[in-house]
Amino acid sequence: MKTIAALSSLVVAATLSGSVLGASYDISIRGTDAIWLAGRTDLVIPAYTGTDVPGWPIDRHDFGTPERLAETAPPVISVTGGDVVKVFDPAVGGVSFFNGFGAPLYGPEGNAPTSSILSLGGISAYLGTQGALVGVFLDNTIPDAAPAPVALDFQSAASRDFTSLSPGLGQIFFIGDGENSANILQEFIAPTGATRLFLGVPDGFGFLGAPGAYDDNDGSYRIRVGVNQNPVPEAGTSVASLLMASLAGGAWLRRRKA
Ligand SMILES: [Ca+2]
Ligand SMILES: [Ca+2]
């Protein structure tokens, strides 16, 4: 538990990029970071008890899981409508979605078979691969006051192969590893009114139906993104390699290292 909690740290660096103040973020997303808890400051996550919790909208196993995990609130970064959130490095890591620790792990792209999970509290349904890294933009309000928007559909490979995506407020969107089939790092445009971007995981029993089954999700993903900023080197990256990346890829396009 302590190890997993420590992975949730968020590292932020702000730099001046042209006339716009940009920021970069190194974000760890736990398997328990339930995307439907984004912005739900009205809720108190119940402690893990080894059974489903009456009244709690996220289903849990009726028996004790080896991991004994409660859901966690997903990490968040600040944005403004029109901001460009750019993936700097493909997401990495793995989450064990089933009872027991370790393998089989799903990576940020999720498992290929489709997942279809219902909306909850003003946040849309999820349609995509099983257990992928996802995001949702919100304004400053608790999302459950408004009906959930229509779901975006990421169940086909073509629908996940975008270079730029403009989701609406409250619409869960697929991030995966943040790279399309041409190894172009993807970008996400914050909708009008957005103040926050949450990153999390969609889960449910069998990856279908109501949100739930987070109580056995050990493991985490990690991604580095920038807001209104060109890719910047990670700490420790040499000036020479930065120059090479700049020459080879330009500001907004980098190729995966072989
Ligand atoms: Ca597990
Ligand atoms: Ca699970």
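The values are calculated or read from the model by the stated rules, or taken from the named source; none is laboratory data. Worth saying up front: this structure is predicted, and the values here are computed from it rather than measured. Don't worry about glycine lacking a Cβ; one is built from the backbone with ideal geometry, like all the others, and counts go over all protein chains shown.
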Hits in segment 204-258 (condition: at pLDDT below 65 and acidic (Asp, Glu)): Glu234
Any hit, segment 200-220, residues being farther than 30 Å from Gly50 by Cα, in a helix (DSSP H, G or I) and of a type outside the set (Val, Ile, Thr): no
Search result, residues across segment 61-92 that are in contact (Cβ under 8 Å) with a residue 24 or more places away in the chain and within 16 Å of ligand 2 (Cβ to nearest atom): His61, Thr65, Pro66, Glu67, Arg68, Leu69, Ala70, Glu71, Thr72, Pro74
Leading residue by the ranking (nearest to ligand 2 (Cβ to nearest atom)) among those in segment 177-223 that are of a type in the set (Asp, Glu) and closer than 14 Å to Val134 by Cα: Asp203
Hits in segment 56-100 - residues which are in contact with a Lys or Arg (Cβ under 7 Å, 6 or more places away or on another chain) and part of a strand (DSSP E or B): Thr72, Val76, Ser78, Phe88, Asp89, Pro90, Ala91, Val92, Gly93
Residues being over 17 Å from Leu199 (Cβ atoms) and not β-branched (Val, Ile, Thr) - total across segment 169-186: 4
Boolean, Gly81 is at positive phi, surrounded by fewer than 18 Cβ atoms within 10 Å (Cβ to Cβ) and modelled with pLDDT of 95 or more: no
Residue count for segment 175-212, restricted to those that are farther than 14 Å from Pro90 by Cβ and surrounded by 15 or more Cβ atoms within 10 Å (Cβ to Cβ): 19
Any hit, segment 157-175, residues being more than 16 Å from ligand 2 (Cβ to nearest atom), within 12 Å of the chain's Cα centre (by Cα) and more than 23 Å from Gly22 (Cβ to Cβ): yes
Scope segment 86-142; condition over 20 Å from Asp153 (Cβ atoms), β-branched (Val, Ile, Thr) and surrounded by 20 or more Cβ atoms within 10 Å (Cβ to Cβ); matching residues: Val87, Val95
Scan of segment 51-68 for residues that are over 26 Å from the mean Cα position of the chain (by Cα) and under 25 Å from Gly102 (Cβ atoms), ordered by number: Thr51, Asp62, Phe63, Gly64
Verdict on Val201 being away from ligand 1 (no atom under 16 Å from the Cβ), under 22 Å from Pro57 (Cβ atoms), at pLDDT 95 or above and aliphatic (A, V, I, L, M): no
